[in-house]
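Note sheet for the following structure.
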Amino acid sequence: MRLRIFSQVLYPLAGVLLIIAAWVLACWLLNIPTVVLPSPDKVLRALVVRSDLLLSEGWVTLRETLYGFVLAMLVGLPLAVAVANSRPLNLMFYPLLIALQSVPKVALAPMLLVWLGTGLESKLALVWLVAFFPIIVDTAAGLRATPKELLELAQSLNASPLQIFLKVQLPAALPFVVTGAKVAITLAVIGAVIGEFVGSSEGLGFLLQSATSQLDTPLAFAALFALSVLGIFVYALVGLGERLMSSWLPPAPAHQ
């Protein structure tokens with residue numbers, strides 16, 4: 001177990017060190033201008049000197065991401081249950097959901113700004129649009145994948161539809177829900193950044209765009225690094241939720 005944990009930490013760390021070493025060599029050997037590619041030490045200096053700015057803007061993006069993700073879960077889960085358990089609703093709404101998902105969200109962002117303004121509401125709407133589709137698809141797939149034998153057994157015991165859902169369908173679908181949530185939370189960060197790109201005066205996306213326009217490339221790279229840390233953090237939150245629900249999740253298959 002310790003060896004597995006050690007390898008999970010060691011290999012990613014080794015990969016990061018190799019990338020940084022190649023980055024340093026490229027800046028040194030090719031003499032790349034800072035405005036094109038800053039060296040790691042300059043990016044680190046920007047992270048330290050502008051840490052207050054990065055933290056304050058990162059909090060804005062984190063709040064948009066989490067609020068939009070929670071909204072996607074609150075809307076997506078009931079809709080997935082309805083689509084999975086009702087053939088008319090499935091035929092009615094599932095094609096519309098696929099059509100909406102195929103529309104580039106960048107194209108919808110200007111309209112959302114016109115409808116909802118440049119405040120938090122438009123960012124939440126964009127994050128919701130990006131994040132709710134994988135939640136619906138994976139949850140509906142999990143509900144449909146419930147073994148028929150379990151459903152027939154519950155019906156033979158005169159279980160009510162609510163009892164069948166809570167005690168049979170929902171536990172069987174939980175792994176799919178977790179998978180959809182992991183995909184959705186990473187997309188939520190992207191949706192928040194897109195909203196900040198299109199129209200905002202705060203957030204890491206706005207900071208990245210502002211730093212790029214001012215040719216402050218070290219700060220732009222620092223904002224990118226902060227976004228990656230934020231993405232890892234919110235993904236870890238979903239992973240923590242998965243661990244808290246481990247008693248309701250089916251056991252992982254044993255490796256031969």
Rounded to 10°, Cα long-axis angle of helix 87-102 versus longest principal axis of the chain: 10 degrees
Nearest 10 degrees is fine. How inclined is helix 40-49 to the longest principal axis of the chain, computing both from alpha carbons? 80 degrees
Percent of all alpha-carbon pairs of the range 15-113 at distances over 18 Å, whole number, is 72 percent
Helix 120-144: angle to the longest alpha-carbon principal axis of the chain, degrees 0 to 90, nearest 10? 40 degrees
Distance in nm between pseudo-label sites at SER56 and ILE19 (7 Å out along the Cβ direction from Cα): 2.9 nm
Cβ-Cβ cut-off under 12 Å around VAL130, Lys and Arg +1, Asp and Glu -1: the net charge is +1
If we count every other residue with Cβ under 14 angstrom of LEU170's Cβ, Lys/Arg +1 and Asp/Glu -1, where does the sum land? +1
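Every number in this text was worked out from the coordinates using simple rules, so none of it is lab data. All of these numbers come straight from a predicted model, not from anything done at the bench. Cβ atoms come from the backbone with ideal geometry, glycine included; neighbour counts cover every protein chain shown.
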